[in-house]
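Colleague: Questions regarding the structure given below will be posed in turn.
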Amino acid sequence: MTDRQPALFVSHGSPMLALEDGPAHRFLRGWSADLPRPRAILAVSAHWETATPTVSLAARPETIHDFRGFPTALDELRYPAPGAPDVAAAAAGLLAGAGFETARAANRGLDHGAWVPLSLMWPGADVPIAQLSIQPDATPLHHFRLGRALQPLRDDGVLILASGAITHNLRALFTGGYAHDAPARECVRAFADWVADALVGGRLDALLAYPQQAPYAAECHPTSEHFLPLFVALGAACDGRSARRVHASTTYGVLAMDAYSFA
């Protein structure tokens, strides 16, 4: 019998996470050893934005370098994992059954929100991967319901990996001049700890209303797209109180790199 797979949330931070040593880099490199091996992964990345939930059907997804201004070594990285069109089709069917209008993309590759953490967690690139987009103009509740619809995939050997950021303010990052190992700003620490308390405590209503209830919400997320994947992982959880904060660190003082596991 296939082990039930967890739903995970990772903060992918800067694309340099793939190359730069640090607490989050080291954590991700070791995390998969503590997880049951999935037969496939459904990645939900903040860097694939569409108006309608869309799944990728690519049998051999390309590595998308959707960034610029980084070292050549990063541009040269490839993550040649096979695609999982069967998982994408199953996800589309579950979403349609839950009432979501769903689209399919024949040749969508893996953006850095997917391949950067995956290259650390499964460096052999030997686990098939499909992707699902987010809807940046939709609500946290919309994304929670996406995750709830996808929950049956977990009993079919599919790990749901939501990739975004616990805090994501690029203006603060680019203008702050912080060193890679700079301590977390107070607003970052307060927001990340509030999220942890709400997740572990099962306070779904507070999380869904995070723009109004979380401290420094607007400062930590001027736009929502990097926080929305968290709600997909939360929706895919089997128990509203199953969240575990399995990693907490900060890079550049403003990027909280927390990771969560949902049983």
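Colleague: Identify, please: which residue in the stretch 146-157 is out of contact with any Phe, Trp or Tyr (no Cβ under 8 Å at 6 or more places or on another chain) and in contact (Cβ under 8 Å) with a residue 60 or more places away in the chain and is, among those, most open to solvent (accessible area, probe 1.4 Å)?
Modeller: This residue is ARG148.
Colleague: For ALA114, are the conditions met, namely being of a type outside the set (Val, Ile, Thr), surrounded by fewer than 21 Cβ atoms within 10 Å (Cβ to Cβ) and either under 13 Å from SER45 (Cβ atoms) or touching a Phe, Trp or Tyr at 6+ places or on another chain (Cβ under 7 Å) (or both)?
Modeller: Values: of a type outside the set (Val, Ile, Thr): yes; surrounded by fewer than 21 Cβ atoms within 10 Å (Cβ to Cβ): no; either under 13 Å from SER45 (Cβ atoms) or touching a Phe, Trp or Tyr at 6+ places or on another chain (Cβ under 7 Å) (or both): yes.
The answer is no for ALA114.
Colleague: Go through the stretch 118-137 and give me each residue that's of a type outside the set (Val, Ile, Thr), in contact (Cβ under 8 Å) with a residue 60 or more places away in the chain and open to solvent by less than 30 Å² (accessible area, probe 1.4 Å).
Modeller: LEU118, SER119, LEU120, MET121, TRP122, ALA130, GLN131, LEU132, SER133, GLN135
Colleague: Inside the stretch 14-35, can you point out the residues that are open to solvent by 20 Å² or more (accessible area, probe 1.4 Å) and touching a Ser or Thr at 6+ places or on another chain (Cβ under 6 Å)?
Modeller: PRO23, the sole residue that qualifies.
Colleague: Go through (1) aromatic (Phe, Trp, Tyr); (2) open to solvent by 10 Å² or more (accessible area, probe 1.4 Å); (3) touching a Leu at 6+ places or on another chain (Cβ under 8 Å) one by one and return the number of the condition TYR216 breaks.
Modeller: Here TYR216 meets the rest and fails (3).
Colleague: List every residue pair whose Cβ atoms sit under 6 Å apart, with the two residues 6 or more apart in sequence or on different chains, where the first one lies in the stretch 87-101 and is open to solvent by less than 40 Å² (accessible area, probe 1.4 Å) and the second, anywhere, is part of a loop (DSSP other than H, G, I, E, B) and of a type in the set (Ser, Thr, Tyr).
Modeller: Pairs found: ALA92/THR102; LEU95/THR102.
Colleague: In this structure, is ALA206 touching a residue at least 24 places away in the same chain (Cβ under 8 Å), farther than 16 Å from HIS12 by Cα, among the hydrophobic types (A, V, I, L, M, F, W, C) and assigned to a helix (DSSP H, G or I)? Break it down stepwise before answering.
Modeller: On the way: touching a residue at least 24 places away in the same chain (Cβ under 8 Å): no; farther than 16 Å from HIS12 by Cα: yes; among the hydrophobic types (A, V, I, L, M, F, W, C): yes; assigned to a helix (DSSP H, G or I): yes.
Spelling it out, it is not the case that ALA206 is touching a residue at least 24 places away in the same chain (Cβ under 8 Å), farther than 16 Å from HIS12 by Cα, among the hydrophobic types (A, V, I, L, M, F, W, C) and assigned to a helix (DSSP H, G or I).
Colleague: Which one of these does VAL158 not meet: (1) touching a Leu at 6+ places or on another chain (Cβ under 6 Å); (2) under 30 Å from ALA217 (Cβ atoms)?
Modeller: For VAL158, the failing item is (2).
The values are calculated or read from the model by the stated rules, or taken from the named source; none is laboratory data. Being a predicted model, the structure only gives us computed values, none of them experimental. Don't worry about glycine lacking a Cβ; one is built from the backbone with ideal geometry, like all the others, and counts go over all protein chains shown. Just so you know, the surface numbers come from the protein's heavy atoms only, side chains and all, with ligands and any DNA or RNA stripped out. Shrake-Rupley method; radii C 1.70, N 1.55, O 1.52, S 1.80 Å.
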